[in-house]
Each structure stands twice: as structure tokens, then as C-alpha cells.
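To start, the structure itself, in C-alpha cells.
The values are calculated or read from the model by the stated rules, or taken from the named source; none is laboratory data. All values reported here derive from a predicted model rather than from experimental measurement. Backbone-built Cβ (ideal geometry, glycine too); neighbour counts: all protein chains shown. Heavy atoms of the whole protein, side chains included, go into the accessibility calculation; ligands, DNA and RNA do not. Shrake-Rupley method; radii C 1.70, N 1.55, O 1.52, S 1.80 Å.
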Amino acid sequence: MANPSPEVTQPSETTPIQEPREPVFPTIERKPLPPMPNMTRLGVTSDNTLTLSLNDAVKRALQNNNNIEMARDDVRFAETQLRSLEGVYDPIFSITPQYDKRIAPQQNRFSGSTSAGTTSNTTYSFNPGVTKLFSRGGGSYDLTFTNSKTISDSTANILNPFYAGNFGLTFTQPLLRNRSIDNSRRQIRIQKKRLEQSDADFRLRTIDVISRVQQAYWEMVFALRDQQNQLENLNLSRENLRNVEAQISAGAKAPLERAEVQTELANRESALLLAVQNVSVAENNLKQLLFKDSTAPEWSAQVTPTDSPKFDTSPVNLTEALKEARDNRPELRRLRLDNDINSIDLQFYRNQTRPQVDLTGTVALTGLAGTAVPRIDPTTDPPTTLLPPDNLIGGQGQMLSNLFSGNTRNVVLGVAIQLPLRNRTAKANLAGAQIQKERLEASVRSQDQLIEVDVRNSAQAVETSRLRVLSAREARSNAELQLEGEQRLYQVGRSTTFLLFQRQNALTNARNAELRAETDYNKALADLQRATSSTLRANNVVVENPTP
């Protein structure tokens with residue numbers, strides 16, 4: 001049998017219903033708000049502000065960065081090395097003025113010796129000359145002009161003093177080995193490629209520094225925004241503490257409420273101080289890239305970025321990014337130049353395996369003139385006076401006239417032939433250059449794979465950051481709505497301080513997450529520019545080619 005239902009007592013119409021009342025707490029003296037935490041950064045003065053846009057930061061880095069300056073000096077040094085090697089083709093002018101005094105004993109009666117049995121000759125010579133190597137063909141020439149005046153006491157001379165001159169041209173022209181290329185031309189061609197490599201290294205260093213400046217700049221922007229968000233969150237806690245203190249002093253809330261708010265206030269102060277430290281770290285990292293040395297007065301300045309993170313909803317075109325990277329990456333350009341250097345070595349070592357056949361020749365003009373010394377010919381009757389030909393009588397001018405008349409001349413032509421029997425050195429060098437060629441081909445393939453990975457990873461980072469920005473914006477918008485709703489509930493007594501703090505912290509975190517996503521997006525774009533070597537173009541930086 002079922003149990004009977006319990007009886008329910010209904011209140012009588014004469015029994016009044018008492019409404020619940022809020023507890024009444026004793027009045028307590030209102031405490032003042034604690035002071036704001038010290039946000040001063042060490043070594044930075046608030047009255048010294050350095051306002052920077054991203055373009056300004058890049059410009060300062062290009063002017064002052066030590067890594068860029070070292071790379072620029074490398075290019076300049078390579079230019080001097082090239083000019084040094086090209087100096088081998090500079091003509092060389094030589095001159096040898098000389099005084100020659102000789103007194104020699106004579107044993108031959110036809111030597112023209114004096115009564116003392118000696119002859120004395122004094123020669124004054126002045127011999128200029130020009131020597132030069134040809135930059136084409138591998139030949140060389142030596143142009144000389146000997147010019148002397150001789151005074152002699154020899155009785156056999158028919159001219160005293162006499163002037164002698166010789167104007168000669170000697171040339172050498174390789175026909176096989178060293179004709180198309182020799183070691184000097186090889187070194188010059190290689191140095192030109194090295195100069196281009198130093199330019200590629202300079203561009204790579206410049207791209208790296210600009211990318212680091214972009215990364216540091218956006219990190220500075222995030223740090224300042226994070227500090228501002230933490231400060232706003234702290235101010236909300238201070239406002240909550242102010243309201244709670246007012247309610248406690250009025251007896252509307254228990255003193256225990258103060259402890260909850262003060263705990264949250266301390267936590268937010270700690271978060272703010274960490275944000276201040278992060279600002280200092282980000283600022284110092286940026287300053288290191290912008291200033292030349294540690295004595296720059298800007299180190300005590302407070303850096304204030306003026307640019308805000310940019311955002312583009314369009315996704316990355318991976319195909320174009322890969323093509324641009326393969327066209328512009330300095331690493332690939334350097335390897336291509338290494339291939340060009342290897343081709344120069346192959347040409348040179350292949351040429352060195354040939355026989356050496358050099359065409360040599362000399363063309364010289366001679367001249368002579370002087371003061372006639374009359375001699376008596378005793379073999380004639382009556383004796384006659386012997387004189388030299390009229391064209392030999394005269395001074396320096398007559399000698400030059402005889403020289404350039406071409407009546408007295410020397411012409412020598414010949415061929416110098418060297419046949420290497422084994423020539424193992426040249427053959428080994430050629431084999432080594434061919435091995436180096438295969439090694440470079442493998443290096444190009446390896447570098448191409450590294451670039452493929454780098455571009456793909458950078459593009460994926462941009463795409464991920466783009467999607468994160470969209471998600472973070474949605475989360476921040478919802479967090480704002482939740483905080484507004486929680487604040488309305490709190491104002492009508494339907495929420496607690498704990499829940500309100502949670503919503504405030506959630507909004508701060510959502511704002512930081514949005515800012516971090518936007519910052520990461522701009523940093524990822526900068527890294528993608530580096531990966532595709534479009535940094536210079538994107539930042540309107542023009543690098544002039546070195547002068548070969």
C-alpha cells in the first residue's frame with residue numbers, strides 16, 4: 001500500500017512574509033589607494049624621446065649598423081684588390097743615368113794606347129725605357145733608347161768624343177700556351193667575380209640587418225602595446241579597489257572583499273612590471289641595430305615607434321615567392337659566381353697543358369757621330385789626312401739624325417718552343433678543377449633545396465599569422481561583449497568581483513593575443529621578404545653595383 005503524501009502547511013493570510021535583507025557591516029575608515037608602480041626604465045630619460053617610423057629605423061641602420069659597414073668595407077677592399085691585380089698591365093718607365101770611367105792597360109800596338117801603355121775611356125750614358133704587358137694576347141714589349149757620350153784618349157779612334165745611340169723594340173707574343181689566358185688574366189677575371197661575390201655578400205648582410213630591424217621594431221611595438229594593456233588592466237583593478245573601499249567604508253561590503261581586489265591588483269602590478277622589462281629589452285635590441293657605438297647619446301632616449309602593424313587579408317602566392325627567391329637570393333648568385341670562377345680555372349689549366357710556343361723579335365736602330373780626329377796615312381805619297389765620313393761628323397743632333405735615318409739597323413725574329421714531356425702539374429690542376437665543378441653543381445642543388453624549405457616555411461608562417469589575426473580579432477570582440485555583460489551584472493549585484501576580474505583578464509589577454517598575432521604577421525612578412533630577397537625592393541633601398 002502506498003505511503004500517504006505528506007501534508008504541506010500553507011501560510012495563513014495573516015502571517016507576513018519577510019523579504020531577505022543585505023547584511024549590514026560596521027562602518028570602516030576608507031583606505032587610500034596604493035601608489036602606482038615605478039615604470040621608469042634604467043638608463044632612459046623621459047625628457048629625451050626618439051620618434052621612429054619603420055623607414056627611419058631602416059635608414060638609421062643602413063647608415064650606422066656595424067655589420068653593414070663591415071660588409072661595405074669588404075666590397076671596397078675587393079675593389080682595391082682588383083685594381084692591384086690590374087696594375088700588372090701598367091707601363092713601367094725606367095731610366096738609368098750612368099757615369100763610367102775606365103783606364104785599361106794595352107798590350108796590342110794597334111789598340112791605340114798612349115805612351116803610358118794605357119787607354120782611358122769616359123762614358124756618360126742616359127738610357128730611358130718603357131716596358132709593358134698586353135692585357136690581350138698575353139704578349140709584352142720592351143722599348144729602350146740608349147744614349148751615350150764617350151771621351152777617349154785612344155790614338156786609334158777616328159771620333160773623339162763620339163755619341164752613340166740605340167733605339168730598340170723587343171716583343172714577345174705567345175702562340176699557344178698563355179695566349180688566350182695566362183695567370184695574370186686568370187687572377188683578374190677571378191677577382192672580378194670575387195668582387196661580385198662581395199657585393200652579393202653585402203646585399204645578403206644588408207637584407208639580414210633590415211629584416212632584424214623590422215623584427216625588432218615590431219617587437220618594440222608589441223612591447224609598448226602590451227605595457228599599455230597591462231597598465232589599463234591595472235587601472236581597472238585600482239578603480240575596482242576604489243569602489244570596494246567606498247562600499248566597505250559605507251558598510252555595504254565586508255573587509256574581506258578588499259583582500260581579493262588587492263591580490264588581483266598585486267598580480268596585475270607584477271604583469272605590468274614584466275611588460276616594462278620587456279619594453280626595455282625590445283628597445284635595447286632595436287638600439288643595437290641602429291646606433292654605431294655604445295657612446296651614442298640616443299642610448300638614453302626613449303624610443304617611440306610611430307607605425308602600427310599592417311594586415312592584408314589576401315593569402316601568400318607561394319609560386320611567385322619561390323620564383324622570386326630563385327631569381328634574387330644572394331646565396332644562389334654567389335654559387336653561380338663560384339661556377340664562373342671554376343670555368344675560368346678550367347680554361348686556364350686546360351691552356352697550361354699546351355706546348356709553349358712564343359714568337360720573339362727585336363727591331364733596333366743605331367746611330368753614331370762625333371768630332372773627327374785627323375789621322376795621317378803614311379802609305380800614300382805624299383801622305384794624306386784620313387777623315388771619317390761626313391755623316392759621322394757632328395754632335396748629339398747628328399747622332400740622332402743618323403739613328404732615325406734607318407740606314408743602320410738590327411732585325412731579329414725567332415720562335416721559342418717548350419714541349420712538356422709529361423706536364424703532370426697542369427693535368428692534375430685540370431682534373432682538380434673538373435672535380436670542383438661537380439662539387440659546385442651539388443652545392444647549387446643543396447642550396448636550392450634550402451631556399452625551397454626557407455620560402456615554404458616563411459610563407460606558411462605568414463599564412464598562419466594571417467589566420468591567427470582573424471581568430472584573435474573575433475576572440476577580442478567576444479571578450480569585449482562578455483566584459484560588458486559581466487559589468488552590467490556586477491552593477492546590479494548579480495555577479496562577483498572574482499568573475500569580473502576574470503572577464504577583465506580575459507579581455508586583456510585577448511587584446512594581447514590580437515596584437516601578438518598582428519605583430520607576428522608583420523614579422524612573418526619581413527621574414528618572407530628576407531627569404532625571397534625582396535627586402536631591398538620592399539623598403540626602397542637601392543644598392544649600387546661595385547665598379548670593376
Enumerate the pairs (first residue in the range 173-201 and farther than 18 Å from residue 334 by Cα and in contact (Cβ under 8 Å) with a residue 60 or more places away in the chain; second residue anywhere and open to solvent by 30 Å² or more (accessible area, probe 1.4 Å) and among the charged types (D, E, K, R)) with beta-carbon separation below 6 Å, excluding pairs fewer than 6 apart on the same chain, so at least 6 apart or on different chains.
176/354; 177/354
The one condition residue 322 fails out of (1) open to solvent by 30 Å² or more (accessible area, probe 1.4 Å); (2) under 30 Å from residue 447 (Cβ atoms) is (1)
Qualifying residues in the range 511-548 (those that are among the acidic types (Asp, Glu) and open to solvent by less than 60 Å² (accessible area, probe 1.4 Å)) - the one farthest from the chain's Cα centre (by Cα):
514
Return the only residue of 81, 63 being within 30 Å of residue 277 (Cβ to Cβ) and either open to solvent by 70 Å² or more (accessible area, probe 1.4 Å) or small (Gly, Ala, Ser) (or both).
63
Among (1) more than 18 Å from residue 100 (Cβ to Cβ); (2) free of Cβ contacts under 8 Å to residues at least 24 places away in the same chain; (3) buried (at least 16 other Cβ atoms within 10 Å of the Cβ), residue 141 falls short only on (2)
Suppose the filter is over 23 Å from residue 156 (Cβ atoms) and in a loop (DSSP other than H, G, I, E, B); does residue 87 pass it?
no
Determine whether residue 472 is touching a residue at least 40 places away in the same chain (Cβ under 8 Å), farther than 30 Å from residue 206 by Cα and either assigned to a helix (DSSP H, G or I) or not polar (S, T, N, Q) (or both).
yes
Within the bounds of the range 483-493, is there any residue that is surrounded by 15 or more Cβ atoms within 10 Å (Cβ to Cβ), over 26 Å from residue 260 (Cα atoms) and of a type in the set (A, V, I, L, M)?
no
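Taking into account only those residues within the range 202-259 that are part of a loop (DSSP other than H, G, I, E, B) and open to solvent by 10 Å² or more (accessible area, probe 1.4 Å), which is nearest to residue 70 (Cα to Cα)?
255
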Could you tell me which residue of the range 503-524 is nearest to residue 223 (Cα to Cα), considering only residues that are in contact with a Ser or Thr (Cβ under 6 Å, 6 or more places away or on another chain) and touching a residue at least 60 places away in the same chain (Cβ under 8 Å)?
521
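Quick one: which residue in 172, 131, 122, 155 is over 46 Å from the mean Cα position of the chain (by Cα) and either under 17 Å from residue 402 (Cα atoms) or open to solvent by 40 Å² or more (accessible area, probe 1.4 Å) (or both)?
Working: 172 fails: over 46 Å from the mean Cα position of the chain (by Cα); 131 fails: over 46 Å from the mean Cα position of the chain (by Cα); 122 fails: either under 17 Å from residue 402 (Cα atoms) or open to solvent by 40 Å² or more (accessible area, probe 1.4 Å) (or both).
Every option except 155 fails the conditions.
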Across the range 421-467, the tally of residues that are surrounded by 12 or more Cβ atoms within 10 Å (Cβ to Cβ), among the basic types (Lys, Arg) and over 22 Å from residue 349 (Cα atoms) stands at 2
Scan the range 325-370 for residues that are assigned to a loop (DSSP other than H, G, I, E, B) and crowded, with 19+ Cβ neighbours inside 10 Å and report the count.
1
Out of everything in the range 494-510 that is in a helix (DSSP H, G or I) and not polar (S, T, N, Q), what residue ends up being surrounded by the fewest Cβ atoms within 10 Å (Cβ to Cβ)?
498
